[in-house]
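This report refers to the structure that appears directly beneath it.
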Amino acid sequence: MNITEKILARASGRSSVSPDDVVFANVDKVMIHDVSGPGVIKVFDKLNDQGIDTSKLHDSSKVWVAEDHFVPTAEKISAENIVKLSEFTKKYGIEKHFKYGMGQYGICHTLSHEEALVSPGEVYVGGDSHTNTTGALGAFACGLGHTDVAYVLLNGEIWFKVPETFYFKLNGKLPEHVMAKDFILKIIGDIGTDGGAYNTMQFGGSGIDEMSVESRLTLTNMTTEAGAKNGIIEADEKTINYLQQRGATNLNQIKSDEDAEYAKLFEYEASEIEPIVAKPYSPENITQVRDVSSIELDKAYIGSCTGAKYEDLLAAAKILKGKQVKIRTEVLPAAISIYKRAMQDGLLQIFMDAGAMVGPPTCGACCGAHMGVLAKDEICISTTNRNFPGRMGHIDSQTYLASPLVAAASAVTGKITDPRDLN
Amino acid sequence: MKGNVIKYERDNIDTDVIIPGTYLKIHDYNELAKHAMEGLDPEFHSKVHEGDFLLAGKNFGCGSSREHAPIALSTCGIKAVLAVSFARIFYRNSVDGAFLLPIEIDEKTYQTISNNDELEIDIEKNEIKNISKNETYAIKPFSEIIAKIISAGGLFKYKK
């Protein structure tokens, strides 16, 4: 069995599973946030009307809660949703509630690794499609809707059809100026936004071994954009060290068997990957950065679970140091732990000296919620994950998805810019 | 199940189009319904009738996990979405929450059915009758677990 099959077999109490088997898997960790949480509460209300008992959760110690989409609260309704979340966690005795402005807080997927909330080998589900992100820690991590999450909260398990696994092998180290974001955009361009649908996307090879944990998280994060059920990378020493530094203990490593089966193998040479953007209006609509270098921009957005981790900020700061931005530029670190590190290391100073705005950890404009949404016809280069029509604001705005290096270089010139071409 | 078709000749109709991100803070079903398909067709809410079917190409519902998407469509009156293929979370949400039926059809059927056609869908026989065109098409049968959850009326009623 491969790693995903082994995790699902263990979680469903079977000695083995194969693709297409339907299993009920015990869930080790479950996450809700200020969008899916109120959605779950709504499901609970409906269940109560049907006489189904919702007075106790299966295990509240497995649950954690983030506040990220509409925080700092954008307007009255989002403020009410945050109040509802607090009432919910109090009622059910959920201790891991990461309240914004109260200790550790940030985007849910970033907290999952920054706070070491999920361990290798676990089954982790969340009420958010980018839950896939956390698979880079060697866990089975999968996004679900409100009804499914409500079911998990009350029953501790959920059904899955065991996916087939596509294996993406990266040979060699990515060149300078090329980031994990470029690699995952390249993959999505190759296989399409339904190219991984219902399947697992597993990453391995010497290029993945070379990568930092944060870079790996960028890969699994965007497996969602290829429609995958989960993205996964086997934990190694780097993963274990990363999690131990963040307080995790008793870490197991599950590896695929030697004779594990994969439905398809995709092989890439790292030296051949170039800086890439995805043009509006789809993450699969990719092109090399140099092919669109005449596009004039209105804005650069460096934020989100995809593109505002510490090393993303470090990459942007390298470009912006001593330079001035030519377009409106927003930098929103993905968690307060990252924000503080960026402050201590002088990165925030670099951004502000360059003229950029530094904002709080929030999903913000990535999902068109608030804090920098786009006007009609505005064109943005963004380190986020989606560029569907209206994703970041007006239906006629445009988003180019790019790495933090490309976004920062473009902020400096005001046009889409390959970091290799920046003087 | 009988109704008329609202057809969008598009692949990859994503959840940002079905219900834009700014409405994710809303959990009132009737309010969400007012914004269904707003990203593609701001008139959708006023043209849809109870019992209608939505027809589209491949990868319908790709994007986010927002259950707001099937909720907005079903509260408008949409009983089934017919598509060449579905993104996984939209598909699960539609079935597990018992909001609407996600029905997979082949490319030819998708091309053949026109906007406003009146259809009768029979999921027992895996068949669509096109009353307007006097034609019959096959639908891709649901997998065993999906059929069971649909027939129970959602995941909570199905239980294991």
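All of the numbers you see were taken from the coordinates with simple rules; none came from a lab. Owing to the predicted nature of the structure, the values given are computational and were not obtained by experimental measurement. All Cβ positions, even for glycine, are placed from backbone atoms using ideal geometry, and neighbour counts span all protein chains on display.
The figures follow:
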| read-out | value |
| --- | --- |
| Karplus-derived HN-Hα couplings along the range B:67-77 (A = 6.51, B = -1.76, C = 1.60, θ = phi - 60°), whole Hz, x at Gly and Pro | 6, 3, 5, x, 5, 4, 5, 6, 5, 5, x |
| Amide H partners (placed H, <5 Å) of B:ALA80, local residues excluded | B:LEU54, B:LEU101 |
| Quotient of C-alpha Rg and 2.2 N^0.38 Å, computed over the range A:3-268 | 1.00 |
| The range A:276-421, relative contact order [Cα under 8 Å, separation at least 6], % | 35 |
| Shape category assigned to the range B:2-158 from the gyration tensor of Cα positions, a/c cut at 1.5 | oblate |
| Sites A:TYR92 and A:LEU422 - FRET efficiency at Förster radius 56 Å, r taken between beta-carbons, to 0.05 | 0.65 |
| Highest average packing first - A:173-185, A:281-293, Cβ atoms within 10 Å | A:173-185, A:281-293 |
| Per-peptide average of other Cβ atoms within 10 Å, ordering B:87-99, B:33-45, A:135-147, A:87-99 highest first | A:135-147, B:87-99, B:33-45, A:87-99 |
| Per-pair calculated FRET efficiency, R0 = 45 Å: A:HIS394 and A:ASN241 via Cβ, rounded to 0.05 | 0.55 |
| Candidates A:TYR268, A:TYR167, A:TYR100: whichever shows maximal mean-square fluctuation once chain A is modelled as a Gaussian network with Cα springs under 10 Å | A:TYR268 |
| 9 Å beta-carbon shell around A:VAL35, net charge (K/R +1, D/E -1) | -1 |
| Residue mean of other protein chain beta carbons inside 10 Å, A:147-158 | 4 |
| Proximal lysine pairs, the range A:276-421, alpha carbons under 22 Å, eight or more residues apart or interchain | 24 |
| Three-way shape label, the protein assembly as shown, alpha-carbon gyration tensor, a/c 1.5 | rounded |
| Prolate/oblate/rounded label for the range A:1-139 (Cα gyration tensor, a/c 1.5) | oblate |
| Beta bridges per DSSP with both ends in chain A, % antiparallel, nearest 5 | 20 |
| Distance cut-off 14 Å, percentage of C-alpha pairs in the range B:69-160 lying past it | 66 |
| Environment charge of A:ASP345, counting only residues whose C-beta is closer than 13 Å and scoring Lys/Arg +1, Asp/Glu -1 | +3 |
| Average other protein chain Cβ within 10 Å of Cβ, residues A:21-27 | 1 |
| Vicinal HN-Hα couplings computed from phi for the range B:88-104 (Karplus, 6.51 cos²θ - 1.76 cosθ + 1.60; Hz; Gly/Pro x) | 5, 6, 4, 4, 4, 4, 4, 7, 5, x, 6, 8, 7, 9, x, 10, 8 |
| Sorted peptide list for A:333-339, A:38-44, A:398-404, criterion being average Cβ within 10 angstrom, highest first | A:398-404, A:333-339, A:38-44 |
| For the range B:1-69, the Rg and Dmax computed from alpha carbons only, in angstrom | 11.9, 33 |
| Linear extension gain, A:LYS99 paired with A:ALA260, 0.36 nm per residue minus alpha-carbon span | 53.8 nm |
| For the range B:2-158: relative contact order, % (alpha-carbon pairs under 8 angstrom, 6 or more apart) | 23 |
| Helix-only CD estimate at 222 nm, as mean residue ellipticity for chain B, using -39500 (n - 2.57) per DSSP H run (n ≥ 4) | -7500 deg cm²/dmol |
| Net charge of neighbours whose Cβ lies under 11 Å from the Cβ of A:GLY364, counting Lys and Arg as +1 and Asp and Glu as -1 | -2 |
| Amide H within-cut-off set for B:ILE19, under 5 Å, with H built and near neighbours excluded | B:MET37 |
| For chain A, calculated [θ]222 nm from helices alone, where every DSSP H run of n ≥ 4 adds -39500 (n - 2.57) | -9000 deg cm²/dmol |
| Other protein chain Cβ atoms within 10 Å, averaged over every residue that makes up B:83-96 | 5 |
| Nitroxide proxy distance, nm - points 7 Å out along Cα→Cβ at A:SER15 and A:ASP353 | 6.5 |
| Part-to-part distance (alpha-carbon centres) for the range A:152-168 and the range A:214-253, which is given in Å | 17 |
| Alpha carbon centroid spacing (whole Å) that separates the range A:37-84 from the range B:57-104 | 22 |
| Extension reserve of the B:GLU120-B:ALA152 stretch, reckoned as 0.36 nm per residue once the Cα distance is removed | 9.4 nm |
| Phi to ³J(HN,Hα) by Karplus 6.51 cos²θ - 1.76 cosθ + 1.60 over the range A:104-119, Hz, x for Gly, Pro | 8, 7, x, 6, 3, 5, 6, 4, 4, 9, 4, 9, 6, 7, 10, 10 |
| Chain A: relative contact order in percent, alpha carbon pairs under 8 Å with at least 6 residues between | 17 |
